[in-house]
1. Check region 71-87 and report whether any residue there is in contact with a helix residue (DSSP H, G or I) (Cβ under 6 Å, 6 or more places away or on another chain), modelled with pLDDT of 95 or more and assigned to a helix (DSSP H, G or I).
2. Would you be able to say whether some residue in region 195-204 is in a helix (DSSP H, G or I) and either outside the structural domain of residue 54 (by TED's automatic domain parsing) or closer than 19 Å to residue 104 by Cβ (or both)?
3. On the given criteria, is residue 95 surrounded by 17 or more Cβ atoms within 10 Å (Cβ to Cβ), out of contact with any helix residue (DSSP H, G or I) (no Cβ under 6 Å at 6 or more places or on another chain) and either assigned to a strand (DSSP E or B) or outside the structural domain of residue 25 (by TED's automatic domain parsing) (or both)?
4. Within region 116-124, is there a residue that is part of a loop (DSSP other than H, G, I, E, B), surrounded by fewer than 24 Cβ atoms within 10 Å (Cβ to Cβ) and in contact (Cβ under 8 Å) with a residue 12 or more places away in the chain?
5. Picking from 84, 77, which residue would you name as being closer than 26 Å to residue 224 by Cα and surrounded by fewer than 22 Cβ atoms within 10 Å (Cβ to Cβ)?
6. Looking at residue 29 and the list (1) in contact with a strand residue (DSSP E or B) (Cβ under 8 Å, 6 or more places away or on another chain); (2) surrounded by fewer than 24 Cβ atoms within 10 Å (Cβ to Cβ), which single condition is not satisfied?
7. For region 170-194, enumerate the residues that are in a loop (DSSP other than H, G, I, E, B) and surrounded by fewer than 16 Cβ atoms within 10 Å (Cβ to Cβ).
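The values are calculated or read from the model by the stated rules, or taken from the named source; none is laboratory data. Predicted model only: the values in this text are computed from it and were never measured. No Cβ is skipped: glycine too gets one built from the backbone with ideal geometry, and neighbour counts run over all protein chains shown.
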């Protein structure tokens with residue numbers, strides 16, 4: 001079985017009747033949504049889904065999942081989402097799919113944040129494999145990129161079909177390539193202190209459980225200290 005599929009199926013087994021479930025974004029999370037739809041059809045499972053992107057909402061509706069919003073359901077039982085990097089502390093980089101702002105809002109509102117990945121997403125240090133996505137307002141994005149470069153990264157405005165990529169929220173994304181992030185918490189503070197930065201792809205102290213799919217099977221990593 002494909003590692004992503006195996007991890008997603010393991011996450012689906014965690015969902016219980018009557019729960020409010022955050023529906024993550026990205027390739028592995030999309031598999032989870034489809035598998036969750038199968039449980040609804042086959043078992044009569046009753047849940048409410050809170051999507052983290054327009055795409056996950058569309059996939060969820062197609063799969064037969066009742067869709068709601070954070071305004072209507074502000075406390076979630078569980079969210080299942082993907083990640084681009086996971087370090088040994090269960091800290092994450094997310095946002096290569098462009099949904100980091102809504103993903104973080106849903107993650108903050110959930111009691112249990114479950115991340116499904118394949119083993120290629122595991123790193124010893126954040127920022128070693130993928131850039132750090134930072135969502136910014138469209139106004140003066142070059143000025144913001146210049147400030148970000150002073151933090152030791154190479155910033156690149158994300159493109160889509162030769163035009164700036166625009167998020168579901170009408171913002172741009174600057175992808176910041178580091179040679180490893182030594183202090184993610186300090187970097188988060190510095191980035192969030194820049195006027196015009198909407199959100200970063202650093203998800204620190206938020207994941208409760210990591211489900212890792214591999215060719216040899218599925219394993220689970222759990223947070224030891226209290227979630228921040």
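1. Checked against the condition, which is being in contact with a helix residue (DSSP H, G or I) (Cβ under 6 Å, 6 or more places away or on another chain), modelled with pLDDT of 95 or more and assigned to a helix (DSSP H, G or I), region 71-87 yields no hits at all.
2. Within region 195-204, the subset in a helix (DSSP H, G or I) is none.
No, there is no match, as no residue in region 195-204 is in a helix (DSSP H, G or I) and either outside the structural domain of residue 54 (by TED's automatic domain parsing) or closer than 19 Å to residue 104 by Cβ (or both).
3. Details: surrounded by 17 or more Cβ atoms within 10 Å (Cβ to Cβ): yes; out of contact with any helix residue (DSSP H, G or I) (no Cβ under 6 Å at 6 or more places or on another chain): yes; either assigned to a strand (DSSP E or B) or outside the structural domain of residue 25 (by TED's automatic domain parsing) (or both): no.
No; evaluated as a whole, the condition is false for this residue.
4. Step one: of region 116-124, the residues part of a loop (DSSP other than H, G, I, E, B) are 123-124.
The next check asks that each one be surrounded by fewer than 24 Cβ atoms within 10 Å (Cβ to Cβ); those that pass are 123-124.
Now narrow it down to the ones that are in contact (Cβ under 8 Å) with a residue 12 or more places away in the chain: 123-124.
Within region 116-124, one or more residues are part of a loop (DSSP other than H, G, I, E, B), surrounded by fewer than 24 Cβ atoms within 10 Å (Cβ to Cβ) and in contact (Cβ under 8 Å) with a residue 12 or more places away in the chain.
5. Only one candidate passes the filter, namely 77.
6. Unmet for residue 29, out of (1) in contact with a strand residue (DSSP E or B) (Cβ under 8 Å, 6 or more places away or on another chain); (2) surrounded by fewer than 24 Cβ atoms within 10 Å (Cβ to Cβ): (2).
7. Once the filter is applied, which keeps residues that are in a loop (DSSP other than H, G, I, E, B) and surrounded by fewer than 16 Cβ atoms within 10 Å (Cβ to Cβ), region 170-194 yields 170, 179, 180, 182, 183, 193, 194.
Residue by residue, here is whether (1) assigned by TED's automatic domain parsing to the domain that holds residue 107; (2) over 21 Å from residue 106 (Cα atoms); (3) modelled with pLDDT of 95 or more holds:
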residue: 152; (1), (2), (3): no, yes, yes
residue: 156; (1), (2), (3): no, yes, yes
residue: 168; (1), (2), (3): no, no, yes
residue: 174; (1), (2), (3): no, yes, yes
residue: 183; (1), (2), (3): no, yes, yes
residue: 187; (1), (2), (3): no, yes, yes
residue: 193; (1), (2), (3): no, yes, yes
residue: 208; (1), (2), (3): yes, no, yes
